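Below is one structure, written out as structure tokens; the observations come after it.
The values are calculated or read from the model by the stated rules, or taken from the named source; none is laboratory data. Because the structure is a prediction, the values reported are computed rather than measured. Note: ideal-geometry Cβ built from the backbone for every residue, glycine included; neighbour counts use all protein chains shown.
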Amino acid sequence: MSRAEARYVTVDGLRDYSIFTEVERGWRALAQRVEPAGKIGYNRLVTLGVVIMKRRVAHPRAVAQALFVTFLWSTSWVLIKIGLEDIPALTFAGLRYSLAFLCLLPVALSSRRRSGIRGMSRRKWAELIALGLLFYAITQGAIFVSLAYLPAMTVSLLWNFTTVVVALLGVFLLAERPTTLQWSGVGVNLSGILMYFFPVWIPLGQAVGLVAATVGVLANAVSSILGRHINREGDIHPSVVTTVSMGVGAVTLLVAGITTQGLPSLSLANWLIIGWLAVVNTAFAFTLWNYTLRVLSAMQSSIINSTMLAQIAVLAWLFLGEHLTGQQVIGLILAGLGTLMVQLRRE
């Protein structure tokens, strides 16, 4: 192995000699074409090759991390349903995200991150505040309220419609034109939802949950577009994005919950659920998810996120005793297939 080859293997942290041999050969040939002398062009192009190889290695790791995050989030639905037996919805959500915010605050206020926070423009502050209100206060609050009135599987199915709403909003907000496949996916998704609920009969006690879910899906769709925009710019560290936006949403949720629903006496089991949801399923999971957004494309992140539909169905069946009829299973499959079709677009 040449000195140059050894140096690049060490920098990348990998021990696959064959990969870097191929990179060096290809980039050497390209450098000789670009620049007769070859030396400067060779060095620049090999550096570019190392960057590309790093992204190729980082990609499967990011996929695994994103799948792990979706599993943690899927378990949240089960834990929330259990906790809602004793804790009011908005107060529960406010406690969860307030505690998670306190866990993340020391990281965001560290010397490495503090300068970035001080240097943020008013526009960036406005974007983070808007993200906090949309993604935490409204979207997460709506999930808790919906789960208080509806089965976890039903709420999960309705939330899966977010991808379709994002595609439709993209027509107006991003000037994106859906393909024929995407429009077909919208139809398949809607067909699956209709099959799941057919015959359409909504008990009066579940109406509040359906209204909350509708509001939450719309807020989630808008926050998905905004969150991707903020993270894609890359000028703010993911921990700062998560902490600031979560702090805004958490305070809003907690104030709204205590004001309207009060703060009940909580048992040790209640605090354990709140603590796990806050520290593991929120502070850790959302930070890890923001990191994956810098490697994965919007389509890849959305597809991975959509696997929660199946994960929640299995977990709800195992731990909550929620059963599905054959018709509802077909409806879930169609809804998931339609969502996948909507996401299969050229980037």
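Taking the residues in segment 311-346 that are closer than 14 Å to Phe198 by Cβ and in contact (Cβ under 8 Å) with a residue 60 or more places away in the chain as candidates, determine which candidate is surrounded by the fewest Cβ atoms within 10 Å (Cβ to Cβ).
Filtering segment 311-346 down to residues closer than 14 Å to Phe198 by Cβ leaves 324-332, 334-335.
Going one step further and asking which of them are in contact (Cβ under 8 Å) with a residue 60 or more places away in the chain, we end up with 324, 327-328, 330-332, 334-335.
Numbers: Leu324: 16, Gln327: 12, Gln328: 19, Ile330: 15, Gly331: 21, Leu332: 22, Leu334: 20, Ala335: 27.
This residue is Gln327.
Is it the case, given these coordinates, that Ala285 is buried (at least 18 other Cβ atoms within 10 Å of the Cβ), within 25 Å of Leu104 (Cβ to Cβ), in the same structural domain as Asp86 (by TED's automatic domain parsing) and under 13 Å from the mean Cα position of the chain (by Cα)? Can you show your working first?
On the way: buried (at least 18 other Cβ atoms within 10 Å of the Cβ): yes; within 25 Å of Leu104 (Cβ to Cβ): yes; in the same structural domain as Asp86 (by TED's automatic domain parsing): yes; under 13 Å from the mean Cα position of the chain (by Cα): yes.
So Ala285 passes the test.
Among residues belonging to segment 162-182 that are touching a residue at least 12 places away in the same chain (Cβ under 8 Å) and part of a loop (DSSP other than H, G, I, E, B), point out the one that is surrounded by the most Cβ atoms within 10 Å (Cβ to Cβ).
Step one: list which residues in segment 162-182 are touching a residue at least 12 places away in the same chain (Cβ under 8 Å), which gives 162-170, 173-174, 178-179, 181-182.
Keeping just the survivors that are part of a loop (DSSP other than H, G, I, E, B) gives 174, 178-179.
On the way: Leu174: 12, Pro178: 17, Thr179: 15.
Among those that are touching a residue at least 12 places away in the same chain (Cβ under 8 Å) and part of a loop (DSSP other than H, G, I, E, B), it is Pro178.
Take the residues in segment 122-161 that are small (Gly, Ala, Ser) and within 20 Å of Ser223 (Cβ to Cβ), then tell me which one is surrounded by the fewest Cβ atoms within 10 Å (Cβ to Cβ). Lay out the reasoning, then the answer.
Going through segment 122-161, the residues small (Gly, Ala, Ser) turn out to be 126, 130, 132, 137, 141-142, 146, 148, 152, 156.
Remaining after also requiring within 20 Å of Ser223 (Cβ to Cβ): 126, 130, 132, 137, 141-142, 146, 156.
Working: Ala126: 11, Ala130: 16, Gly132: 27, Ala137: 26, Gly141: 25, Ala142: 26, Ser146: 29, Ser156: 25.
Looking at the filtered set, the residue picked out is Ala126.
Can you tell me how many residues in segment 268-291 are of a type in the set (Ser, Thr, Tyr) and at pLDDT 95 or above?
Matching residues across segment 268-291 total 0.
Condition first: over 26 Å from Ile303 (Cα atoms) and either without any contact (Cβ under 8 Å) to a residue 12 or more places away in the chain or surrounded by fewer than 19 Cβ atoms within 10 Å (Cβ to Cβ) (or both). Now tell me which residues in segment 69-98 satisfy that.
If the condition is that a residue be over 26 Å from Ile303 (Cα atoms) and either without any contact (Cβ under 8 Å) to a residue 12 or more places away in the chain or surrounded by fewer than 19 Cβ atoms within 10 Å (Cβ to Cβ) (or both), then Ile82, Leu84, Glu85, Asp86 are the ones that fit.
Can you tell me which residue among Phe92, Phe161, Phe172 is assigned by TED's automatic domain parsing to the domain that holds Gln206 and closer than 19 Å to Val279 by Cα?
On the way: Phe161 fails: closer than 19 Å to Val279 by Cα; Phe172 fails: closer than 19 Å to Val279 by Cα.
After ruling out the rest, the residue left standing is Phe92.
For Ser110, only one of the following conditions fails: (1) in contact with a Phe, Trp or Tyr (Cβ under 8 Å, 6 or more places away or on another chain); (2) among the hydroxyl-bearing types (Ser, Thr, Tyr); (3) surrounded by fewer than 19 Cβ atoms within 10 Å (Cβ to Cβ). What is its number?
If we test Ser110 against (1) in contact with a Phe, Trp or Tyr (Cβ under 8 Å, 6 or more places away or on another chain); (2) among the hydroxyl-bearing types (Ser, Thr, Tyr); (3) surrounded by fewer than 19 Cβ atoms within 10 Å (Cβ to Cβ), just (1) comes out false.
Considering segment 86-131 alone, what residues qualify as being under 18 Å from Ala212 (Cβ atoms) and among the charged types (D, E, K, R)?
Arg96
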